Amino acid sequence: EGVRLGSPVEAYIDIMSGDPDPGGFELETVKKKNILDVTEFDEDAIVDLTASMNDVDSYGHVMRVEQKKAILPMLYQIMEINERLNDSRTASKLRQPVTINSSIYSIHGGKKNKGNYACLKSPEEKLTEAVMVNLAHELDETTPGVGDLLSALKKYRDTITPELAEKLKSGKFIKLLTIYSDGNLWCSACGHESCN
(Lines give C-alpha, C1' and ligand atoms only; values in the text may rest on other atoms or scores of the structure.)
Protein backbone atom coordinates (compact mmCIF):
# COMPACT_ATOMS: atom_id res chain seq x y z
CA GLU A 1 0.00 0.00 0.00
CA GLY A 2 2.64 2.50 -0.97
CA VAL A 3 5.68 3.30 -3.08
CA ARG A 4 7.93 4.92 -0.49
CA LEU A 5 9.26 3.42 2.70
CA GLY A 6 8.24 5.91 5.37
CA SER A 7 8.76 3.92 8.55
CA PRO A 8 11.38 1.14 8.15
CA VAL A 9 10.85 -0.09 11.73
CA GLU A 10 7.09 -0.51 11.29
CA ALA A 11 7.61 -2.21 7.91
CA TYR A 12 10.27 -4.59 9.36
CA ILE A 13 8.08 -5.61 12.33
CA ASP A 14 5.06 -6.26 10.06
CA ILE A 15 7.09 -8.23 7.50
CA MET A 16 8.90 -10.33 10.15
CA SER A 17 5.57 -11.14 11.83
CA GLY A 18 4.17 -12.40 8.52
CA ASP A 19 1.63 -9.60 7.97
CA PRO A 20 0.46 -9.92 4.34
CA ASP A 21 -0.22 -6.16 4.24
CA PRO A 22 2.72 -4.55 6.06
CA GLY A 23 2.54 -0.92 7.15
CA GLY A 24 5.32 1.63 6.99
CA PHE A 25 4.89 2.43 3.31
CA GLU A 26 3.49 5.70 1.98
CA LEU A 27 1.76 6.84 -1.17
CA GLU A 28 2.79 10.15 -2.70
CA THR A 29 -0.16 12.28 -3.76
CA VAL A 30 -0.34 15.83 -4.98
CA LYS A 31 -3.39 17.87 -4.04
CA LYS A 32 -4.14 21.01 -5.98
CA LYS A 33 -5.87 23.87 -4.18
CA ASN A 34 -7.14 27.16 -5.47
CA ILE A 35 -6.20 29.93 -3.07
CA LEU A 36 -8.23 33.12 -3.07
CA ASP A 37 -6.71 35.92 -1.07
CA VAL A 38 -9.51 38.02 0.40
CA THR A 39 -7.91 41.31 1.39
CA GLU A 40 -10.99 43.30 2.40
CA PHE A 41 -14.18 42.28 4.15
CA ASP A 42 -17.14 44.53 4.99
CA GLU A 43 -19.67 43.41 7.61
CA ASP A 44 -22.54 45.87 7.12
CA ALA A 45 -25.94 46.15 8.77
CA ILE A 46 -29.19 48.01 8.26
CA VAL A 47 -31.06 48.36 11.54
CA ASP A 48 -34.66 49.18 12.35
CA LEU A 49 -35.14 52.06 14.80
CA THR A 50 -38.87 52.49 14.29
CA ALA A 51 -41.14 52.56 17.35
CA SER A 52 -42.41 49.02 16.74
CA MET A 53 -38.98 47.75 17.79
CA ASN A 54 -40.04 48.57 21.37
CA ASP A 55 -42.67 45.81 21.12
CA VAL A 56 -42.21 42.55 23.00
CA ASP A 57 -42.20 39.19 21.20
CA SER A 58 -44.00 36.03 22.36
CA TYR A 59 -40.97 35.12 24.52
CA GLY A 60 -40.94 38.45 26.37
CA HIS A 61 -37.96 39.88 24.47
CA VAL A 62 -37.92 43.55 23.44
CA MET A 63 -37.06 43.67 19.72
CA ARG A 64 -34.82 46.74 20.08
CA VAL A 65 -32.78 45.02 22.82
CA GLU A 66 -32.45 41.81 20.79
CA GLN A 67 -31.23 43.83 17.82
CA LYS A 68 -28.65 45.53 20.03
CA LYS A 69 -27.54 42.17 21.48
CA ALA A 70 -26.90 40.89 17.95
CA ILE A 71 -25.00 43.91 16.61
CA LEU A 72 -22.69 44.97 19.45
CA PRO A 73 -21.03 41.54 20.02
CA MET A 74 -20.51 41.23 16.26
CA LEU A 75 -18.75 44.62 16.18
CA TYR A 76 -16.69 43.70 19.24
CA GLN A 77 -15.50 40.53 17.47
CA ILE A 78 -14.56 42.56 14.38
CA MET A 79 -12.55 44.93 16.59
CA GLU A 80 -10.77 41.97 18.23
CA ILE A 81 -10.04 40.26 14.89
CA ASN A 82 -8.62 43.50 13.44
CA GLU A 83 -6.33 43.85 16.45
CA ARG A 84 -5.08 40.28 15.95
CA LEU A 85 -4.64 40.74 12.20
CA ASN A 86 -2.57 43.88 12.78
CA ASP A 87 -0.42 42.21 15.43
CA SER A 88 3.15 41.91 14.12
CA ARG A 89 3.28 38.16 14.80
CA THR A 90 0.12 37.52 12.75
CA ALA A 91 0.73 40.12 10.03
CA SER A 92 4.14 38.61 9.22
CA LYS A 93 2.48 35.25 8.42
CA LEU A 94 -0.15 36.68 6.06
CA ARG A 95 0.47 36.69 2.30
CA GLN A 96 -1.39 40.02 2.15
CA PRO A 97 -2.76 42.30 4.86
CA VAL A 98 -6.48 41.87 5.58
CA THR A 99 -8.91 44.63 6.53
CA ILE A 100 -12.32 44.07 8.12
CA ASN A 101 -14.64 47.09 8.15
CA SER A 102 -18.22 47.63 9.21
CA SER A 103 -20.99 50.10 8.46
CA ILE A 104 -24.25 50.48 10.36
CA TYR A 105 -27.21 52.16 8.67
CA SER A 106 -30.68 52.85 10.02
CA ILE A 107 -33.94 52.77 8.09
CA HIS A 108 -35.36 55.30 10.52
CA GLY A 109 -32.59 57.59 11.63
CA GLY A 110 -31.53 57.73 15.21
CA LYS A 111 -30.11 60.76 17.04
CA LYS A 112 -28.22 61.85 13.92
CA ASN A 113 -31.13 61.93 11.50
CA LYS A 114 -34.48 61.31 13.21
CA GLY A 115 -37.16 59.82 11.00
CA ASN A 116 -34.95 59.29 7.95
CA TYR A 117 -32.33 56.92 6.63
CA ALA A 118 -29.00 57.57 8.36
CA CYS A 119 -25.49 56.20 8.60
CA LEU A 120 -24.85 55.45 12.28
CA LYS A 121 -21.30 54.17 11.70
CA SER A 122 -19.35 54.79 8.52
CA PRO A 123 -16.85 52.26 7.12
CA GLU A 124 -14.03 54.79 7.61
CA GLU A 125 -14.79 55.10 11.33
CA LYS A 126 -12.36 52.83 13.20
CA LEU A 127 -13.98 50.48 15.68
CA THR A 128 -13.15 51.44 19.26
CA GLU A 129 -14.90 51.01 22.60
CA ALA A 130 -15.99 54.65 22.41
CA VAL A 131 -17.59 54.13 18.98
CA MET A 132 -19.45 51.07 20.27
CA VAL A 133 -20.70 52.89 23.38
CA ASN A 134 -21.99 55.71 21.15
CA LEU A 135 -23.65 53.17 18.85
CA ALA A 136 -25.24 51.43 21.87
CA HIS A 137 -26.91 54.74 22.76
CA GLU A 138 -28.03 55.21 19.12
CA LEU A 139 -29.62 51.73 19.10
CA ASP A 140 -31.78 52.71 22.09
CA GLU A 141 -33.35 55.69 20.27
CA THR A 142 -36.51 54.76 18.39
CA THR A 143 -38.97 57.13 16.72
CA PRO A 144 -42.56 56.61 15.60
CA GLY A 145 -43.35 56.53 11.91
CA VAL A 146 -42.88 54.33 8.92
CA GLY A 147 -39.44 52.82 8.32
CA ASP A 148 -38.19 53.29 4.78
CA LEU A 149 -36.24 50.12 4.02
CA LEU A 150 -36.39 50.68 0.25
CA SER A 151 -34.59 54.04 0.50
CA ALA A 152 -32.00 52.47 2.80
CA LEU A 153 -31.32 49.69 0.30
CA LYS A 154 -31.10 52.17 -2.60
CA LYS A 155 -28.64 54.36 -0.69
CA TYR A 156 -26.62 51.29 0.26
CA ARG A 157 -26.55 50.24 -3.39
CA ASP A 158 -25.32 53.74 -4.32
CA THR A 159 -22.22 53.19 -2.13
CA ILE A 160 -21.16 50.39 -4.49
CA THR A 161 -19.21 52.33 -7.09
CA PRO A 162 -18.08 50.74 -10.40
CA GLU A 163 -14.55 50.40 -8.94
CA LEU A 164 -15.95 48.65 -5.86
CA ALA A 165 -18.11 46.40 -8.05
CA GLU A 166 -14.97 45.28 -9.92
CA LYS A 167 -13.23 44.48 -6.63
CA LEU A 168 -16.26 42.47 -5.51
CA LYS A 169 -16.29 40.51 -8.79
CA SER A 170 -12.59 39.68 -8.39
CA GLY A 171 -13.33 37.93 -5.10
CA LYS A 172 -10.67 39.86 -3.18
CA PHE A 173 -13.31 42.05 -1.54
CA ILE A 174 -16.39 40.61 0.20
CA LYS A 175 -19.37 42.61 1.45
CA LEU A 176 -21.97 41.08 3.73
CA LEU A 177 -25.17 42.99 4.49
CA THR A 178 -27.50 41.91 7.30
CA ILE A 179 -30.89 43.59 7.73
CA TYR A 180 -32.29 43.67 11.27
CA SER A 181 -36.01 44.39 11.52
CA ASP A 182 -39.20 43.14 13.12
CA GLY A 183 -40.77 43.32 9.65
CA ASN A 184 -43.61 45.42 11.01
CA LEU A 185 -44.78 47.71 8.22
CA TRP A 186 -46.98 50.78 8.25
CA CYS A 187 -50.61 49.65 8.29
CA SER A 188 -52.72 51.50 5.73
CA ALA A 189 -55.92 50.20 7.37
CA CYS A 190 -55.43 51.64 10.84
CA GLY A 191 -52.70 54.24 10.19
CA HIS A 192 -50.36 52.89 12.86
CA GLU A 193 -46.96 51.34 12.50
CA SER A 194 -47.27 48.91 15.39
CA CYS A 195 -50.40 47.19 14.06
CA ASN A 196 -50.11 43.47 14.83
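The values are calculated or read from the model by the stated rules, or taken from the named source; none is laboratory data. Quick caveat, the model's predicted, so the values are computed rather than measured. Glycine gets a Cβ as well: all are built from the backbone with ideal geometry, and neighbour counts include every protein chain shown. Surface areas here come from the heavy atoms of the whole protein model, side chains and all, with no ligands, DNA or RNA. Shrake-Rupley method; radii C 1.70, N 1.55, O 1.52, S 1.80 Å.
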_Correct choice for mean projected area of the Cα convex hull in nm² that was computed from the model, options [x] 19.6; [y] 13.3; [z] 15.2_ = [x]
*Figure the gain on full extension for L85 and K167 (residue separation times 0.36 nm, minus the Cα-Cα span) and round it to one decimal in nm.*
27.4 nm
*Across segment 117-180, how many lysine pairs, 8 or more positions apart or on different chains, have C-alpha atoms separated by under 19 Å? Please give the number.*
7
*If ligands, DNA and RNA are left out, what is the accessible area of M53 with a 1.4 Å probe, given in Å² to the nearest 10?*
10
*Which percent, to the nearest 5, of DSSP beta bridges fully inside the chain are antiparallel?*
25
*Separation of segment 125-181 and segment 1-71 by C-alpha centroid, Å?*
28
_Rounded to whole Å, sorted largest first: equivalent-ellipsoid semi-axes of segment 117-171, Cα gyration tensor_ = 26, 19, 7
*Within segment 12-117, percent of DSSP bridges classed antiparallel, to nearest 5*: 10
*With labels modelled as points extended 7 Å from the Cα through the Cβ direction, what inter-label distance (nm, one decimal) is found for R4 paired with K154?*
6.3
